[in-house]
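Take a look at the structure set out below.
Read-outs throughout are calculated quantities, based only on the coordinates presented, and are distinct from any laboratory measurement. These figures come from a predicted structure and were not determined experimentally. FYI the Cβ positions are ideal-geometry reconstructions off the backbone, even for glycines, and counts take in every protein chain you see.
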Amino acid sequence: MRGNVILCGFMGCGKTSVGRRAAKLMGREFCDLDQYIEEREGLTVSEIFARFGEEGFRQREAQAVEEVAVRPGLIIASGGGTVLAEKNVSAFHRAGGMIVFLDTPLAALQERLKNDKRRPLLQVPDRRKVIAQLHAKRSPLYHAAADVTIDAGAPPGTVARRLAALDFPFSEKKLDNGPKSR
Ligand code: S3P
């Protein structure tokens with residue numbers, strides 16, 4: 001069974017756009033975790049935050065991770081907060097998944113997210129500052145969760161090709177060795 005490839009990283013780093021393209025290149029099924037949660041709940045992520053708070057969203061996210069982690073051979077675009085919870089990282093690894101951090105420069109993220117209306121954590125007055133603060137806090141955690149880091153400052157098609165080029169030897173090697181111990 002092929003282990004899953006899980007994309008992690010900051011909001012706007014390209015997890016979904018890269019994931020879709022890479023899935024085609026790699027002949028894998030694509031799964032977007034936020035979309036999975038939305039379909040499961042019949043609510044948008046914003047509605048879940050509004051009704052149940054961030055804590056309520058995180059509980060639903062952890063449940064979704066448990067469910068998708070055990071499906072074989074997927075490329076999974078996680079949410080920007082998913083791998084910040086150790087239990088989610090463990091669930092992905094336990095099922096043989098490999099976590100890839102799409103590392104994108106702060107300035108590029110600020111530019112990509114400047115008009116965002118969809119992400120609850122970014123509907124704040126000083127968005128650039130909030131992004132910078134969250135980015136500083138989260139970057140070490142993405143690095144720690146990931147088995148491999150890809151420079152994701154390039155357009156999604158380029159990053160997808162970088163990812164696809166890793167796939168076969170990467171998965172084989174990592175699956176033989178088992179996931180990084182933590
Ligand atoms: C979040 C990122 C979002 C979504 C939710 C929380 C975060 O996903 O899961 O709004 O904590 O960074 P994207 O990274 O796909 O925007």
Item to check | Simple spin-label estimate for residue 107 and residue 51 in nanometres, 7 Å along Cα-Cβ | outcome: 4.2
Checklist entry - Based on DSSP H runs of at least 4 residues, each adding -39500 (n - 2.57), what is the mean residue ellipticity at 222 nm of the chain after dividing by all its residues, to the nearest 500 deg cm²/dmol? => result -18500 deg cm²/dmol
Checklist entry - Fully extended, how many nm does the chain gain between residue 165 and residue 133 (0.36 nm per residue separation, minus their Cα-Cα distance)? => result 8.3 nm
Next on the checklist: So for the chain, averaging the separation of alpha carbon pairs under 8 Å that are six or more residues apart and normalising by length, what relative contact order in percent results?
Outcome noted: 35
Checklist entry - Taking 1 over the mean of 1/r across every pair of different Cα atoms in the chain, what Kirkwood radius in Å do you get? => result 16.4
Next on the checklist: Taking 0.36 nm per residue of sequence separation and subtracting the Cα-Cα distance, how much length would be gained by fully extending the chain between residue 71 and residue 114, in nm to one decimal?
Outcome noted: 12.0 nm
Checklist entry - Where does helix 127-145 land angle-wise versus the long Cα axis of the chain, in degrees 0 to 90, nearest 10? => result 20
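Could you tell me whether segment 97-139 comes out rounded, prolate or oblate from its Cα gyration tensor? Rule is a ≥ b ≥ c as square roots of the eigenvalues, rounded for a/c under 1.5, then prolate if a/b exceeds b/c, otherwise oblate.
prolate
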Checklist entry - Pick from 14, 56, 97: which residue has the top mean-square fluctuation in a GNM of the chain where Cα pairs under 10 Å get a spring? => result 56
Item to check | aspartates and glutamates whose Cα lies under 14 Å from that of residue 114, excluding same-chain neighbours fewer than 8 positions away | outcome: 126
Next on the checklist: Compute the helix-to-body angle for 15-26: its Cα long axis versus the longest principal axis of the chain, expressed 0 to 90° and rounded to tens.
Outcome noted: 20
Checklist entry - Relative contact order (percent) for segment 80-158, with alpha-carbon contacts under 8 angstrom and 6 or more residues of separation? => result 49
Checklist outcome for this item: Applied in sequence order to segment 84-98, the curve 6.51 cos²θ - 1.76 cosθ + 1.60 (Karplus, θ = phi - 60°) yields integer Hz couplings, x standing for Gly and Pro, of 6, 9, 4, 4, 6, 4, 4, 5, 5, 5, 4, 8, x, x, 10
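Order of 30-39, 125-134 by packing, highest average Cβ count within 10 Å first? Can you show the working numbers first?
Working: 30-39: 18.6, 125-134: 13.8.
Taking the mean over residues of other Cβ atoms within 10 Å, the ranking is 30-39, 125-134.
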